[in-house]
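Notes for the one structure printed next.
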Amino acid sequence: MTNKKDENIGFKEFLEGEDKAFLENPNIGSKSRNNSNFELETFLEQDSNRMSKLIETFEEKAFVIKKFSQFPQLEIEAEAKNIAARIETIELCTRENSPLFANIDSIFKKFFK
Amino acid sequence: MAIPIYKLINIDNSIETSIQRQLEGHQFSQVPTILDVTELSDQFEAITHIENFLLEKEVSSFPYPTYIVTKIKNYHGEYSFFESIDKTPSFYWKKLKQLNARENKILQKNYLKQKNLENTQGHNFQEELVKYAKGHKVIFNLNKEINFLESIQKNLEAFYDK
């Protein structure tokens, strides 16, 4: 038991927070410089990651987009679908009993009585 | 090799030659830069000259951006505009300190990446990305119209099936 107490000598004040003198002096050798919460290091690491992602975007993705663009084919496909949808819609709208004609008919009747 | 924290330049005159003199020699894109014109009486003129200068020098926002701080609201231009310095992205607001060995090593690595990024700028990849985005918008609009027409068709078919 006495041995354990001896082991705690010097650490007891530190653990209980009584001796705070070391906190008040920010210039304790080189340790204080290293003990900067790694804020700048984290910041530089984040910036490094950011730049890696930019390089990846510009070098790899933009290169693929430039060399193997899918846009012309996709545009042709979308335009063909669009034209087909328009034709089908017009065909459905121009049937004799279509609601479009019925509505136009009622509007004309209302205004040109 | 500078630490990438904001470099603030207070523009002190809205005359073109004065702005050119102030901005000439500054290493844009190598550190994030804030150009503050809030103290000037004719901010619009100053911004126009700054934009012309930056476009002429082909200043890119990569790897580090250039921000312009002005009190003019809803101004849209080639670069990013903020109403006050406090509203600029906080990422680059860091206190300048003496670097330790580890931090220096990361900074050197970042410098190489920065050079790599600068080299890719020559291939006009940014233009390609803009073209790619515009193409997507065209396809999006076409598909939006197709969806609209299909919804009309669905309603009409339901009407005729009655």
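At a glance:
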quantity: Any hit, segment B:46-62, residues being touching a residue at least 60 places away in the same chain (Cβ under 8 Å) and surrounded by 15 or more Cβ atoms within 10 Å (Cβ to Cβ); calculated: yes
quantity: Test result for B:LEU99, surrounded by 16 or more Cβ atoms within 10 Å (Cβ to Cβ) and part of a loop (DSSP other than H, G, I, E, B); calculated: yes
quantity: Meets criteria (over 16 Å from B:VAL59 (Cα atoms), within 14 Å of another protein chain (Cβ to nearest Cβ) and either out of contact with any strand residue (DSSP E or B) (no Cβ under 8 Å at 6 or more places or on another chain) or not small (Gly, Ala, Ser) (or both)) for B:PRO32; calculated: no
quantity: Residue within segment B:14-28 that is within 14 Å of the chain's Cα centre (by Cα), modelled with pLDDT of 90 or more, more than 10 Å from chain A (Cβ to nearest Cβ) and more than 27 Å from A:PHE63 (Cβ to Cβ) present; calculated: no
quantity: Subset tally (residues that are surrounded by 18 or more Cβ atoms within 10 Å (Cβ to Cβ) and under 29 Å from B:LEU112 (Cα atoms)) for segment B:10-30; calculated: 3
quantity: Scan of segment B:103-130 for residues that are exposed (fewer than 14 other Cβ atoms within 10 Å of the Cβ) and either of a type in the set (Asp, Glu) or within 7 Å of another protein chain (Cβ to nearest Cβ) (or both), ordered by number; calculated: B:GLU127
quantity: Any chance B:GLU58 is in a helix (DSSP H, G or I), modelled with pLDDT under 90, acidic (Asp, Glu) and over 18 Å from B:ILE9 (Cβ atoms); calculated: no
quantity: Residue within segment B:8-21 that is more than 25 Å from A:LEU44 (Cβ to Cβ) and basic (Lys, Arg) present; calculated: yes
quantity: Failed criterion for B:LYS94 (all others in (1) outside any loop (DSSP other than H, G, I, E, B); (2) at the interface with chain A (Cβ under 7 Å from one of its Cβ atoms) hold); calculated: (1)
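The values are calculated or read from the model by the stated rules, or taken from the named source; none is laboratory data. It should be emphasised that the depicted structure is a prediction, and the values quoted were computed from it without experimental measurement. All Cβ positions, even for glycine, are placed from backbone atoms using ideal geometry, and neighbour counts span all protein chains on display.
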